[in-house]
Amino acid sequence: METTIILMLLFILTIWIVPIPLGIKKAKQKGFSPHWMWFGIFPLYGLLVFLILCFVPKMKKCANCGEKNKLYAKTCQRCNNAFEESTIIEYKPETKKHRIIKITSIIVAVFVFSIMMIVLLDGTFKNSEIYKMALETLNNNAQAQMILNKEIKSSGSVTGSISTSGSSGNADFSFSVTGSTRKVKVYVIGIKEFDKWRLMKLYIQDKELIKIIDE
Ligand SMILES: [Zn+2]
């Protein structure tokens, strides 16, 4: 369990911190202000800004008014100042290959991002007090033991929500467990009051819904 927490922290730090220097470099490269990376103060925003910077076209700054212009512009779009010949790059329309690469990378990025979020959320759930409480209750409950037989373990991911605000909170989630005989679904409803979690409802979905706790 300890290593899971450490890995999770490292993971969060990586996707929070690493995009910031990369984004600053990218912004300078593309002629945008590196100050955009201040968004990186918030977790995941840095990654988002970095990704956007990867996809926006490179710009050049007008020496006269500071306006950002396309690399192939001959004159500034704001003040009409003529750019030096050496700074004008020939206009190349986007090729099909380029567009495919672009779209594929966006899809891959979104996919990786979603997987990361799922792993992160799952880890958060499985490290939560109310989740551990539910699993422990099942392992100490005669009826659950009868259905599943010893060593009831979680299997698969958790779905639902846990929200806390200050010393109170709510939990409503489900997950699968396996015992030595079979696999069933578990439903949990919990409440946090004065910093203490309490299981309100705990049900097992076997052939029918079986009540373990219902206050
Ligand atoms: Zn200008």
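The values are calculated or read from the model by the stated rules, or taken from the named source; none is laboratory data. This one's a predicted model, so the numbers in the text were calculated from it and none came from an experiment. Counting neighbours? That spans all protein chains shown, and the Cβs are built from the backbone with ideal geometry, glycine included.
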Worksheet, complete the sentence: Flagged in region 75-99 as touching a residue at least 12 places away in the same chain (Cβ under 8 Å), within 16 Å of the ligand (Cβ to nearest atom) and not aromatic (Phe, Trp, Tyr), in numbering order, are Cys76, Arg78, Cys79, Asn81, Thr87, Ile88
Discussion item. Step by step: first the residues of region 23-71, then only those that are more than 16 Å from the ligand (Cβ to nearest atom) and not in a helix (DSSP H, G or I), then the one that is surrounded by the most Cβ atoms within 10 Å (Cβ to Cβ). Which residue is that?
Written reply: Phe32
Worksheet entry | Among (1) more than 30 Å from Phe11 (Cα to Cα); (2) part of a helix (DSSP H, G or I); (3) of a type outside the set (D, E, K, R) - the single one Tyr131 does not satisfy | (1)
Worksheet item: Quick one: how many residues across region 156-194 are over 25 Å from the mean Cα position of the chain (by Cα) and at pLDDT below 85?
Response: 4
Discussion item. Condition check: assigned by TED's automatic domain parsing to the domain that holds Leu44 and closer than 25 Å to Ile12 by Cβ. Does Ile115 satisfy that?
Written reply: yes
Worksheet item: Would it be correct to say that Lys102 is buried (at least 18 other Cβ atoms within 10 Å of the Cβ) and touching a residue at least 40 places away in the same chain (Cβ under 8 Å)?
Response: no
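Residue by residue, here is whether (1) within 34 Å of the chain's Cα centre (by Cα); (2) more than 30 Å from Tyr131 (Cα to Cα); (3) touching a residue at least 40 places away in the same chain (Cβ under 8 Å) holds:
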site: Pro21; (1), (2), (3): yes, yes, no
site: Lys30; (1), (2), (3): yes, yes, no
site: Glu67; (1), (2), (3): no, yes, no
site: Val112; (1), (2), (3): yes, no, no
Item to complete: Please find, among Asn64, Asn80, Asn127, Asn69, the residue that is polar (S, T, N, Q) and in contact with a Lys or Arg (Cβ under 6 Å, 6 or more places away or on another chain).
Response: Asn69
Response to the item:
Leu51: passes all of (1) modelled with pLDDT under 85; (2) within 19 Å of Ile115 (Cα to Cα) but (1)
Fill in: Hey, Val177 touching a Leu at 6+ places or on another chain (Cβ under 8 Å), surrounded by 14 or more Cβ atoms within 10 Å (Cβ to Cβ) and either among the basic types (Lys, Arg) or under 13 Å from Gly160 (Cβ atoms) (or both) or not
no
Worksheet item: For region 178-204, how many residues meet the condition of being in a strand (DSSP E or B) and touching a residue at least 24 places away in the same chain (Cβ under 8 Å)?
Response: 12
Worksheet item: Just checking, which of Met116, Met133 is away from the ligand (no atom under 16 Å from the Cβ) and at pLDDT below 85?
Response: Met116
